[in-house]
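The values are calculated or read from the model by the stated rules, or taken from the named source; none is laboratory data. As the structure is a prediction and not an experimental result, all values here were calculated from the model. Glycine also receives a Cβ, built like all others from the backbone with ideal geometry; neighbour counts cover every protein chain displayed. When the accessible area is computed, the model is the full protein with side chains, heavy atoms only, and any ligands, DNA or RNA have been set aside. Shrake-Rupley method; radii C 1.70, N 1.55, O 1.52, S 1.80 Å.
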Amino acid sequence: MSVLQSLQRRNSHPRLVEPGPDAGQLNDIFAAGLRAPDHQRLRPWHFVVVEGDRRAALGALFEESLLLRKPDASEAERTKALRAPLRAPVMIAGLLRYVEHPKVPRVEQAAAVACALYGMSLAANDLGFGGMWRTGPYAQDPLVISRLGGAPGDEVIGFLYLGTQEGAAKPLPDESIQDFVSPF
């Protein structure tokens, strides 16, 4: 498949199972992500790989985060938090580590991390894996960010779930380019 075809057929896959990418494949995925546009080569990103039994540990952290925000969370909400990282064999947290710079604002650095995550999702897809990008309240929670190795002011731009796609891909609608593009 050409790069153009890969971009035009990209799709999120919510049901991901074993196997996930192995260490060599993850290296290829990260190499693709590190080629993202990055003004002034600030490298404002840090990626945390969560796999194996560490997914359950992250689920416990998500539950702890939930209970701090909502002490009366229902059993269903707590279970959902615990199970969230188990939705795929590999999860990558993409953190923004903002670098103070007179020419490169925070929003541009966050976009660089987002581009890196997108590049990683395309690389994973090219290697035969499905992916799903998720955020939610855990991405903004200082406790979660800290336990992922982030510092104050860092944020999770996205959690990229990777694994083998289970079931058929969801249908992609045909988009009318004219609905989103106009001349100046």
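Does any residue of the range 156-164 turn out to be out of contact with any helix residue (DSSP H, G or I) (no Cβ under 6 Å at 6 or more places or on another chain), open to solvent by less than 30 Å² (accessible area, probe 1.4 Å) and part of a strand (DSSP E or B)?
Pass one, the range 156-164, residues out of contact with any helix residue (DSSP H, G or I) (no Cβ under 6 Å at 6 or more places or on another chain): 159, 163-164.
From what is left, the residues that are open to solvent by less than 30 Å² (accessible area, probe 1.4 Å) are 159, 163.
Then drop every residue that is not part of a strand (DSSP E or B), which leaves 159, 163.
Yes.
For (1) touching a Lys or Arg at 6+ places or on another chain (Cβ under 8 Å); (2) in contact (Cβ under 8 Å) with a residue 24 or more places away in the chain, each residue gets a yes or a no:
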site: Glu63; (1), (2): yes, no
site: Pro71; (1), (2): no, no
site: Met91; (1), (2): yes, yes
site: Gly94; (1), (2): no, yes
site: His101; (1), (2): no, yes
site: Leu117; (1), (2): no, yes
site: Leu122; (1), (2): yes, yes
site: Leu127; (1), (2): no, yes
site: Val156; (1), (2): no, yes
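Tell me whether the range 93-106 contains one or more residues that are within 22 Å of Pro37 (Cα to Cα) and in a helix (DSSP H, G or I). Checked against the condition, which is being within 22 Å of Pro37 (Cα to Cα) and in a helix (DSSP H, G or I), the range 93-106 yields at least one hit. Any residue at all in the range 139-152 that's within 30 Å of Glu100 (Cβ to Cβ), out of contact with any strand residue (DSSP E or B) (no Cβ under 6 Å at 6 or more places or on another chain), polar (S, T, N, Q) and in a loop (DSSP other than H, G, I, E, B)? Yes; the residues of the range 139-152 include at least one that is within 30 Å of Glu100 (Cβ to Cβ), out of contact with any strand residue (DSSP E or B) (no Cβ under 6 Å at 6 or more places or on another chain), polar (S, T, N, Q) and in a loop (DSSP other than H, G, I, E, B).
Results for (1) closer than 26 Å to Asn11 by Cβ; (2) of a type outside the set (A, V, I, L, M, F, W, C); (3) at pLDDT 95 or above; (4) open to solvent by 50 Å² or more (accessible area, probe 1.4 Å), shown as yes or no for each residue.
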position: Pro85; (1), (2), (3), (4): yes, yes, yes, no
position: Glu100; (1), (2), (3), (4): no, yes, yes, yes
position: Ser121; (1), (2), (3), (4): yes, yes, yes, no
position: Ile145; (1), (2), (3), (4): no, no, yes, no
position: Gly150; (1), (2), (3), (4): no, yes, yes, no
position: Pro171; (1), (2), (3), (4): yes, yes, no, yes
position: Phe184; (1), (2), (3), (4): no, no, yes, yes
